[in-house]
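Visitor: Here it is: the structure, laid out below.
Coordinate-derived values only; no laboratory data. If you're wondering where the values come from, they're calculated on a predicted model, not measured in any experiment. Every residue, glycine among them, receives a Cβ derived from its backbone with ideal geometry; neighbour counts consider all protein chains shown.
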Amino acid sequence: MNDISRTLIIRAAEGDMGAFEEIYTAYASYVYTIAFRITGNREDADEAAQDVFLNVYRKLAGFGFRSSFKTWIYRITSNAAITIYRKRSKEKGRNISFDETIDSGHSIEPDIGGIDRQHDEKTVRGFLWRLPEDQRACLVLREIEGLKYEEIAQVLKIKINTVRSRLKRAREKLIAIAGSEGGAR
Amino acid sequence: MRCKKIRELILTDHIDGELSGDISEKIEKHLASCPGCRKVKEEAMDIAASLRSSARIDPPETLWKGIKEAIEEGRIPHENDLLSGIRDFLVVRRPVLVSAAAAFAIAAVVLLKSYVYDPLVLNTYMEQQMDFLDYLDNGNGGADGDTGIPFEDLFL
Ligand SMILES: [Zn+2]
């Protein structure tokens, strides 16, 4: 994903709703995907994504251009999603499971469909919901968003070695799960 | 390199493409002769492939509507004025630094208001100062540092 232009950010910071809508359009699916993959369901993803964009709106003028806009928005998104996930876990007790069903409609990319796709989606959810949320967030940023270690470290405000160890533990666990369930696919 | 170290790298930098060519070569060489490590790599790659090919999820149409309404009804003010920035800034400080932070923030307003008009420039400046305070806050000095000068006096 390319970073959006400085002028657009400044216009939005000055209250131009059209500019803010352009920012929303550019980032909505990235924000929503991260939120959905971390919280595990649409209801919480909706809440997290709404929080994210209201926060972005609120803090735009203070953005300051010191990090890339992408890093900044990913940081706000990860924070919001992890916060909501933790709140929900506390409310519901230790194990909250990810939605088993896939919402019909706009959740699947139009170019891939059918039973294989649904099966893959189930596999992904099965993997993610069994990880602690800090490992899950790292893995989502790495595998789904394609971020480099350095970027993940900036987004989550952790050390690069922490990124490494979280990814390592997450993958070890998933390998064990895939093995005990007779393969990942 | 031993298998344990190799597997650590396989599960991290190797499959994520974060290694230099040099180490990558060593790993490839090891993999060619070690079925155990090869298996770990295959399993890790399978899982990575599932996740990497997973669908991007679009938000519902109603999401933007809700955001727009909240903003237009004025429930979400821009924090582009200096005072709200400072208020936020004080709320997150640890108590021990609050008075210093307040003193500093006031000094910053006094010093800057006269010649900085661009809110973005000003906010950048404020952010840099906040980072500096974070740095102090993280035990790298600060109010009880050993300069012998009260923290506030450094700014006033
Ligand atoms: Zn080996």
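Visitor: What shape does region B:3-52 have by the C-alpha gyration tensor, where a ≥ b ≥ c are the square roots of the eigenvalues, rounded means a/c under 1.5, and otherwise prolate means a/b greater than b/c and oblate the rest?
Guide: Oblate, since a/c reaches 1.5 and b/c is not below a/b.
Visitor: Also, I was wondering about something else. Which distance in nm do the two modelled labels at A:THR83 and B:LYS68 give, with both placed 7 Å along the Cα-to-Cβ direction?
Guide: Using points 7 Å along Cα→Cβ, the separation is 2.5 nm.
Visitor: Fewest Cβ neighbours within 10 Å first, please rank A:THR123, B:THR62 accordingly.
Guide: Neighbour counts put them in this order, fewest first: B:THR62, A:THR123.
Visitor: Stretched out fully, how many nm does the piece from A:ASP16 to A:SER180 gain, at 0.36 nm a residue minus the Cα gap?
Guide: Working it through step by step, the gained length comes to 53.7 nm.
Visitor: Based on alpha-carbon centroids, what's the gap between region A:125-165 and region A:7-35 in Å, whole number please?
Guide: Here the two parts' Cα centres lie 24 Å apart.
Visitor: Within a 10 angstrom radius of the beta carbon, how do B:ASP22, B:ASP58 rank from fewest other beta carbons to most?
Guide: Placing the least packed residue first, the sequence is B:ASP22, B:ASP58.
Visitor: Run the reach check for A:LYS157 against lysines, Cα to Cα strictly under 17 Å, same-chain hits fewer than 8 apart removed. What comes back?
Guide: Partners found: A:LYS70, A:LYS148.
Visitor: Under 21 Å between alpha carbons, and skipping anything fewer than 8 positions from A:LYS173 in its own chain: which lysines qualify?
Guide: A:LYS122, B:LYS4, B:LYS5, B:LYS39, B:LYS41
Visitor: Here is a further query. For peptide A:67-73, what's the mean number of Cβ atoms from other chains within 10 Å of each residue's Cβ?
Guide: Counting Cβ atoms of other protein chains within 10 Å of each residue's Cβ and averaging gives 0.
Visitor: Once you place label points 7 Å from the Cα toward the Cβ at A:GLU150 and A:GLN118, how far apart are they in nm?
Guide: The modelled label-to-label distance comes out at 4.4 nm.
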